[in-house]
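Below is one structure, written out as structure tokens, with a few remarks after it.
The values are calculated or read from the model by the stated rules, or taken from the named source; none is laboratory data. Worth saying up front: this structure is predicted, and the values here are computed from it rather than measured. Every residue, glycine as well, gets a Cβ built from its backbone with ideal geometry; the counts of neighbours run over all protein chains shown.
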Amino acid sequence: MKISIPPALRQKRYFYLWLGLLVSFAGSQMQISALFWHIRILTGSPQPLALGGIGLARILPIVAFSLLGGPVADTLNRRHILFITQTAMILVAMALAILTWTGHINIWYIYLLTAIQATAGAFDLPARQAMIPNIVPKEDLQSAFSMSSIAGNTGSIIGPVLSGIVIVALGQAYTYFFNAISFMAVILALILIGPVQQDTRKSGIHLKAAVDGFRFIFSKPVILSTMLLDFVATFFASANTMMPIVAKDILKVGEIGYGWLSSAQAIGSVGAGIVISQIRTLRKQGATFLIAVVIFGLATVFFGFTHLFGIAMLALIVMGAADAVSTIIRNTIRQLQTPDHIRGRMTAVNQIFFQGGPQLGEVEAGIVASIFGVPFCIISGGIGCIVGVTLIALKWPQLRTFNGDEHLLAVSSAN
């Protein structure tokens, strides 16, 4: 297949944003990987519950502030919101670096700062995702979400690998410091993008506006079913949470091996994202989405059984490829089926599902792993994912038959 420049990257403003996110995602993934390793070192022994606590520190602010983040993204200037959230994330990363440099870091500071960063994220994601259709024509949205997936997953490859290298060569604190610098790439991109038009209908920042977001989602079976499936799949997918224990205590590898394991899913995701970015119009989206989630669950089960590094890498790569396919399809469906004036609220509610799934899943994984062991935790999670997709496919047959060329509600204001 001849590879050409994806249509979305021909849109200058999206190209600036994509480059900024590419750098920022690498820094964020480096920090996330470093945080899990840092907790493993601070506790001095395998502590699944301590690792699971990161999930709790993330999900509580997301649940508390996402409903506010949606109306904010639909009422205020989305680009200005991103300036504020990205600056807040810089300050959190610098706080982690300074506390680590001075030797004052402890697990509770990590939880607190993680919660603060999650609060910024609760406002950042609705504004960022809702802004993409404002700078990209609707016919190029699938390409844009493919490229966003590639940016995120390229960061997930580079970040964990760099994390292991930086920890060994410079020390833990520098992973946080470099992440702080990486957020400047998004701020520079926002400056280059300039003013962005969005629907001028004001929802207002109040409870009714948030409720309107829920009402809209529950009126759209295809959107609702993809969100529920997103939650179920990520809730049971505990492989990443337990990765430090898998790396150190099961596969017997050090920081570098841990970095590669943490990057493996992203390697598969980037490969799948490149393929999809070349497809202008993807049909049979519902069936493809469901099959991808089933493959993700099967690969998770396979990963849980293995004690060999190479096989573990292969299973994680397959998981990443399947996850990328499902992510691109569900994001495209949701954005194209949602009008601009309510897109921030749709994304905010969706954030509770797809952020809540993995974060609550980290807590669940910590509890299950502490009782039954890490392999059982991962294997049972993969099985739970497969059972979940089966039940949702039976409950909402509209998802099974969704093709992708149904009536589109979204109207792009890109120019």
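So that you can scan it fast, the table gives a plain yes or no per residue for (1) surrounded by fewer than 24 Cβ atoms within 10 Å (Cβ to Cβ); (2) touching a residue at least 60 places away in the same chain (Cβ under 8 Å); (3) hydrophobic (A, V, I, L, M, F, W, C):
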position	(1), (2), (3)
Thr300	no, yes, no
Phe305	yes, yes, yes
Thr338	no, yes, no
His341	yes, yes, no
Glu364	yes, yes, no
Ile367	yes, yes, yes
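Inspect all residues belonging to segment 212-234 and state whether any of them is farther than 16 Å from Arg330 by Cα, of a type in the set (A, V, I, L, M) and modelled with pLDDT of 75 or more.
no
Sort out which residues of segment 369-391 are of a type in the set (A, V, I, L, M, F, W, C) and crowded, with 17+ Cβ neighbours inside 10 Å, and write them in order of number. Can you show your working first?
Here is the first cut: in segment 369-391, the residues of a type in the set (A, V, I, L, M, F, W, C) are 369, 371-372, 374, 376-379, 383, 385-387, 389, 391.
Passing the criteria: Ala369, Val374, Cys377, Ile378, Ile379, Cys385, Ile386, Val389.
Is it the case that some residue within segment 211-231 is over 16 Å from Gly388 (Cα atoms), surrounded by fewer than 18 Cβ atoms within 10 Å (Cβ to Cβ) and of a type in the set (A, V, I, L, M)?
Looking for residues that are over 16 Å from Gly388 (Cα atoms), surrounded by fewer than 18 Cβ atoms within 10 Å (Cβ to Cβ) and of a type in the set (A, V, I, L, M), one finds at least one in segment 211-231, hence yes.
Could you tell me how many of the residues in segment 338-377 are farther than 24 Å from Asn77 by Cα, touching a Pro at 6+ places or on another chain (Cβ under 8 Å) and among the small types (Gly, Ala, Ser)?
Within segment 338-377, residues that are farther than 24 Å from Asn77 by Cα, touching a Pro at 6+ places or on another chain (Cβ under 8 Å) and among the small types (Gly, Ala, Ser) number 4.
Give the number of residues within segment 98-120 that are touching a residue at least 60 places away in the same chain (Cβ under 8 Å), under 19 Å from Ala180 (Cβ atoms) and not hydrophobic (A, V, I, L, M, F, W, C).
2
Identify, please: which residue in segment 1-26 is farther than 16 Å from Leu190 by Cβ and in a helix (DSSP H, G or I) and is, among those, farthest from the chain's Cα centre (by Cα)?
So the first thing to find is which residues in segment 1-26 are farther than 16 Å from Leu190 by Cβ, and the list is 1-10, 26.
Filter once more, so that each one left must be in a helix (DSSP H, G or I): 7-10, 26.
Numbers: Pro7: 23, Ala8: 20, Leu9: 21, Arg10: 24, Ala26: 13 Å.
In this case the residue turns out to be Arg10.
Only one of these conditions is not met by Leu188: (1) touching a helix residue (DSSP H, G or I) at 6+ places or on another chain (Cβ under 6 Å); (2) at pLDDT 80 or above; (3) assigned to a helix (DSSP H, G or I). Which number is it?
Result: Leu188 fails condition (1) only.
With the requirement that a residue be over 20 Å from Leu298 (Cβ atoms), part of a helix (DSSP H, G or I) and hydrophobic (A, V, I, L, M, F, W, C), what does segment 251-261 give you?
Just the residues of segment 251-261 that are over 20 Å from Leu298 (Cβ atoms), to begin with: 251-260.
Restricting the remaining residues to those that are part of a helix (DSSP H, G or I) gives 255-260.
Within segment 251-261, Ile256, Trp260 qualify.
In segment 246-273, what residues are buried (at least 18 other Cβ atoms within 10 Å of the Cβ) and closer than 23 Å to Ser4 by Cα?
Residues satisfying the conditions are Ala266, Ile267, Gly268, Ser269, Val270, Ala272, Gly273.
Tally up the residues in segment 219-239 that are in a loop (DSSP other than H, G, I, E, B) and touching a residue at least 40 places away in the same chain (Cβ under 8 Å), please.
Of segment 219-239, the ones in a loop (DSSP other than H, G, I, E, B) are 219-220, 237-239.
Next cut, touching a residue at least 40 places away in the same chain (Cβ under 8 Å) only: 220, 237-239.
Matching residues across segment 219-239 total 4.
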